[in-house]
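A.B. asks: Below you will find the structure I want to go over with you.
The values are calculated or read from the model by the stated rules, or taken from the named source; none is laboratory data. Nothing here was measured: the structure is a model prediction, and the numbers come from that model. We place every Cβ from the backbone using ideal geometry, glycine too, and count neighbours over all the protein chains shown.
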Amino acid sequence: MRVLVVGGAGYIGSHTVYELIKDHQEVIILDNLSSGYMELVHPEATFYQGDIRNKADVIRVFAKEEIDVVMHFAAKIVVPESVKEPLEYYYNNVEGVRVLLEVMKEFNVKKIVFSSTAAVYGEASGICHEDDPTVPINPYGETKLATEKMIKWVSNAYGFNYVIFRYFNVAGADQSLKIGLMKDQLTHLIPVAIQGIIGLRDHLMIFGDDYPTKDGTCIRDYIHVSDLAYAHVLGAHYLVNGGTSETMNLGSNAGFTVREVAEAVNAIAPLKVVMGPRRDGDPAELVASNDKAKRILNWSPKYNLKDIVQSDYLYRKKISYK
Ligand SMILES: NC(=O)c1ccc[n+]([C@@H]2O[C@H](COP(=O)([O-])OP(=O)(O)OC[C@H]3O[C@@H](n4cnc5c(N)ncnc54)[C@H](O)[C@@H]3O)[C@@H](O)[C@H]2O)c1
């Protein structure tokens with residue numbers, strides 16, 4: 001397969017490129033490096049610097065390269081920023097995909113794997129299934145849902161086939177430790193907790209310990225980035241082999257409390273934990289049902305919470321002592 005990975009210099013895109021290359025696929029990357037890094041770009045991939053909102057940048061790639069399937073990771077993803085700058089988020093996340101789909105149509109490339117998010121479920125609680133109501137509560141989630149819908153209508157009108165993946169909490173780093181979540185992107189629990197044991201942060205604050213869960217802290221679903229990335233490889237094979245359009249959750253089917261995550265980090269080195277108040281809009285429990293991805297793609301995650309925490313620790317230690 002010749003796979004165009006849009007956003008392949010970012011965290012999840014770069015891991016997917018590594019999995020594609022392990023799977024002996026040819027990879028072309030288009031990225032504007034707005035939040036990506038050249039050092040995350042696999043040396044065997046063909047790299048184009050460009051912006052998907054700029055049609056000429058996208059045409060340049062399609063005119064030069066034969067492409068079987070496109071993967072899209074090129075989004076802005078910071079929720080509070082999306083609340084402050086909604087137009088920027090719609091422009092990048094929705095308009096970017098609109099231009100990309102237009103060029104795909106012109107070049108008769110009609111297979112796309114799209115990164116969506118659990119944020120489309122909004123304040124859902126408990127186990128999320130793909131047919132649950134989608135009610136995002138911030139512009140970031142809205143842009144991803146709007147794009148999902150655009151892809152569905154485009155598929156209906158022009159005969160595209162898609163796989164839409166909705167991710168839960170992604171963390172960890174590739175086993176090679178050549179790539180991982182770079183240090184200025186840290187808002188998520190696991191890398192923030194790891195910072196607390198490598199001297200980059202004084203403590204981890206837990207927001208709320210009075211939720212109706214076994215230890216009072218919120219339950220979330222964590223997935224290793226390499227498991228997630230490999231699901232994309234399977235998704236591309238599925239489409240190239242004639243699979244029909246599907247939307248699937250990617251998660252672990254299992255929840256861990258924030259305190260359990262803190263304990264997993266504390267098992268590596270002592271982590272100071274400070275309790276804080278609840279944050280608005282945090283549901284008590286959010287876990288993915290991953291039955292659909294298991295059934296359709298024969299995929300299941302192979303890494304557990306300990307592996308995720310350990311790989312993020314090793315990567316973060318490596319980049320902070322460079
Ligand atoms: N990180 C998570 O926990 C998470 C969770 C759910 C869903 N997602 C989805 O996964 C995808 C990738 O997220 P990530 O964490 O790897 O983010 P990231 O910021 O590390 O990667 C995004 C990449 O896209 C590039 N990019 C952004 N806008 C572009 C544009 N207009 N043209 C060309 N390139 C552009 C950036 O330079 C960067 O390399 C996003 O679509 C996001 O919605 C991420």
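A.B. asks: Whether any residue in segment 139-159 is under 24 Å from Ala284 (Cα atoms) and in contact with a Leu (Cβ under 8 Å, 6 or more places away or on another chain) is what I want to check.
C.D. replies: no
A.B. asks: Can you say whether Arg2 is near the ligand (Cβ under 10 Å from one of its atoms) and either under 18 Å from Lys105 (Cα atoms) or at pLDDT below 95 (or both), as far as the supplied structure shows?
C.D. replies: On the way: near the ligand (Cβ under 10 Å from one of its atoms): no; either under 18 Å from Lys105 (Cα atoms) or at pLDDT below 95 (or both): yes.
Taking the combined requirement at face value, the residue does not satisfy it.
A.B. asks: Could you tell me whether any residue of segment 263-279 is within 18 Å of the chain's Cα centre (by Cα) and in contact (Cβ under 8 Å) with a residue 12 or more places away in the chain? Break it down into steps so the answer makes sense when it comes.
C.D. replies: Residues of segment 263-279 that are within 18 Å of the chain's Cα centre (by Cα), as a first pass: none.
Looking for residues that are within 18 Å of the chain's Cα centre (by Cα) and in contact (Cβ under 8 Å) with a residue 12 or more places away in the chain, one finds none in segment 263-279, hence no.
A.B. asks: Same structure, new question: May I ask you to say which residue of Tyr37, Tyr48 is aromatic (Phe, Trp, Tyr) and either out of contact with any strand residue (DSSP E or B) (no Cβ under 9 Å at 6 or more places or on another chain) or near the ligand (Cβ under 9 Å from one of its atoms) (or both)? So that I can check it myself, show each step before the final result.
C.D. replies: Values: Tyr48 fails: either out of contact with any strand residue (DSSP E or B) (no Cβ under 9 Å at 6 or more places or on another chain) or near the ligand (Cβ under 9 Å from one of its atoms) (or both).
None of the others qualify; the one that does is Tyr37.
A.B. asks: Which condition number does Asp23 fail, the rest of (1) away from the ligand (no atom under 12 Å from the Cβ); (2) touching a residue at least 12 places away in the same chain (Cβ under 8 Å); (3) more than 26 Å from Ser226 (Cα to Cα) being met?
C.D. replies: The single condition Asp23 does not satisfy is (3).
A.B. asks: Show me the helices (runs of 4 or more DSSP H) found entirely inside segment 88-202 where at least 2 residues are assigned by TED's automatic domain parsing to the domain that holds His237 and within 16 Å of the ligand (Cβ to nearest atom). So that I can check it myself, show each step before the final result.
C.D. replies: Values: elements: 96-106, 139-158, 189-195.
In segment 88-202, the matching helices (runs of 4 or more DSSP H) lie at 96-106, 139-158.
A.B. asks: Go through segment 203-227 and give me each residue that's part of a strand (DSSP E or B) and basic (Lys, Arg). If you could, list the steps in order and put the result at the bottom.
C.D. replies: We begin by selecting, within segment 203-227, every residue part of a strand (DSSP E or B); these are 204-207, 219-220, 222-224.
Scanning segment 203-227 gives a single hit, Arg220.
A.B. asks: Report yes if Ile52 is assigned by TED's automatic domain parsing to the domain that holds Glu148 and touching a Leu at 6+ places or on another chain (Cβ under 6 Å), otherwise no.
C.D. replies: Details: assigned by TED's automatic domain parsing to the domain that holds Glu148: yes; touching a Leu at 6+ places or on another chain (Cβ under 6 Å): yes.
Yes.
A.B. asks: From Ala229, Ala288, Ala254, grab the single residue that is under 19 Å from Arg166 (Cα atoms), modelled with pLDDT under 95, touching a Ser or Thr at 6+ places or on another chain (Cβ under 8 Å) and not hydroxyl-bearing (Ser, Thr, Tyr). If you could, list the steps in order and put the result at the bottom.
C.D. replies: Details: Ala229 fails: modelled with pLDDT under 95; Ala254 fails: touching a Ser or Thr at 6+ places or on another chain (Cβ under 8 Å).
One residue alone meets the criteria, Ala288.
A.B. asks: Give the residues of segment 5-20 that are more than 9 Å from the ligand (Cβ to nearest atom) and among the aromatic types (Phe, Trp, Tyr), sorted by residue number.
C.D. replies: Tyr18
A.B. asks: Right, Leu30: part of a strand (DSSP E or B), near the ligand (Cβ under 7 Å from one of its atoms) and closer than 20 Å to Met104 by Cβ or not?
C.D. replies: Values: part of a strand (DSSP E or B): yes; near the ligand (Cβ under 7 Å from one of its atoms): yes; closer than 20 Å to Met104 by Cβ: yes.
Taking the combined requirement at face value, the residue satisfies it.
A.B. asks: Now, a different point. Which one of the conditions (1) surrounded by 24 or more Cβ atoms within 10 Å (Cβ to Cβ); (2) closer than 18 Å to Phe107 by Cβ; (3) within 12 Å of the ligand (Cβ to nearest atom) does Asn54 fail to meet, given that it meets all the rest?
C.D. replies: Of everything listed in (1) surrounded by 24 or more Cβ atoms within 10 Å (Cβ to Cβ); (2) closer than 18 Å to Phe107 by Cβ; (3) within 12 Å of the ligand (Cβ to nearest atom), Asn54 misses just condition (1).
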